[in-house]
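Worksheet: one structure, shown below.
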Amino acid sequence: MEKLINYLKNIKKRAYINNVYRSKYAFIGIGNHSINNLFPVINYLRLELKYIVTQSEKNAKLIDENYSMSEGTNDIEKVLNDVEIEGVFISATPKSHFALVKKVLESGKNVFVEKPPCLTYDELEELIRIEKTSKGKCFVGLQKQYAPANIELKKQVKDKSSYNYRWVTGAYPEGDPFLDLFIHPISLVSFLFGEAELKYHSYKKSRGGITIFLQFQHTNGTIGIIELSSEYSWSNAQEKMIVNTEKGIFEVTNTEDLTFTPKQGTLLGVPKEKIFGDKMTTQILKKRNNFNPVFQNNQLYSSGYYTEIENFVKHCEKKKYIHNSSLESCINTFKIIKTIKEKLDVQ
């Protein structure tokens, strides 16, 4: 038994050792999000970051001194003219993303950009036009569309259904909550259920933020209600989706746990649970196990950060990949956000 266990462990070990990426990459921006969520994945994949681009000459010098494998620079043209660079990561300020993505695509290189890729629907259309004539491809950092729980939910829910989705955080005075925060849940429901049409909305504002209720009708007949808010708390931010299908009820909590509770059906129109009792079984389809500290139980994996970056890199290295966050897939999301802002008179 011990030999078998060691043999299986060696298979996993060798698979990781042999999974080598040969291309070279550049990273534009080195903020809090990059350090906490993107760089750990890049390090795990053992990618060669040839350049780290910053606005500050002081920070570029610090990178030279402390990152032995990377060159700190303020010169983006140097990066784009380097034929060794296959892919560029962008995680700068949202207002700078459009111009940076445009430059990278026009240079013919692949680009991974944190959301939002741009600030307006018109800018999105321009980026899509540029991408169509570019040798490069753009991946947008909408990691929830790569989270294992959401991928499994999409596989399970094929027919029309109904859902309610709650996505609440604390105040967000430093940016645009629609493009920086609410873009995630709005984009996710389009990814899961197809293109959405906004049928109804209501909202309330306060000095602390905004709360919005949205009702959607999807192309496959699915209907849903979303609560989006920046009036709750960051220390107790919550995300929960309940999907009601003919065969049963799916629940996703914080992109980590996916459960399924089958319906018992009816007998001559009478619910079976009223006849035979209310016993029910809930199946755990996906769950992050905090007790077992393997990589698949790391929050960067369960949240989708690992898989989105891995697939971008696979594309750059001409390997098989999935693409759940293209520029074109953002069209419906940006249309909805534009409509909401117009109705709420928010810039």
In the set Lys314, Lys319, the lone residue that is assigned to a helix (DSSP H, G or I), over 20 Å from Leu153 (Cβ atoms), more than 16 Å from the chain's Cα centre (by Cα) and not polar (S, T, N, Q) is Lys314
Can you say whether Asn324 is surrounded by 18 or more Cβ atoms within 10 Å (Cβ to Cβ), in contact with a helix residue (DSSP H, G or I) (Cβ under 7 Å, 6 or more places away or on another chain) and either modelled with pLDDT of 95 or more or not in a helix (DSSP H, G or I) (or both), as far as the supplied structure shows? yes
With criteria (1) surrounded by 14 or more Cβ atoms within 10 Å (Cβ to Cβ); (2) touching a strand residue (DSSP E or B) at 6+ places or on another chain (Cβ under 8 Å); (3) more than 19 Å from Lys115 (Cβ to Cβ), Val313 comes up short on (3)
Please work out which residue is surrounded by the fewest Cβ atoms within 10 Å (Cβ to Cβ), limiting yourself to region 84-127 and to residues that are charged (D, E, K, R) and in a helix (DSSP H, G or I). Asp122
Find the residue count for region 128-163, including only residues that are over 19 Å from the mean Cα position of the chain (by Cα) and assigned to a loop (DSSP other than H, G, I, E, B). 9
Can you run down the residue pairs with Cβ atoms below 8 Å, 6 or more apart or on separate chains, where the first is in region 237-248 and outside the structural domain of Pro185 (by TED's automatic domain parsing) and exposed (fewer than 15 other Cβ atoms within 10 Å of the Cβ) and the partner is assigned to a strand (DSSP E or B) and of a type in the set (A, V, I, L, M)? none
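The values are calculated or read from the model by the stated rules, or taken from the named source; none is laboratory data. Small disclaimer: the values here were computed from a predicted structure and weren't measured. Every residue, glycine among them, receives a Cβ derived from its backbone with ideal geometry; neighbour counts consider all protein chains shown.
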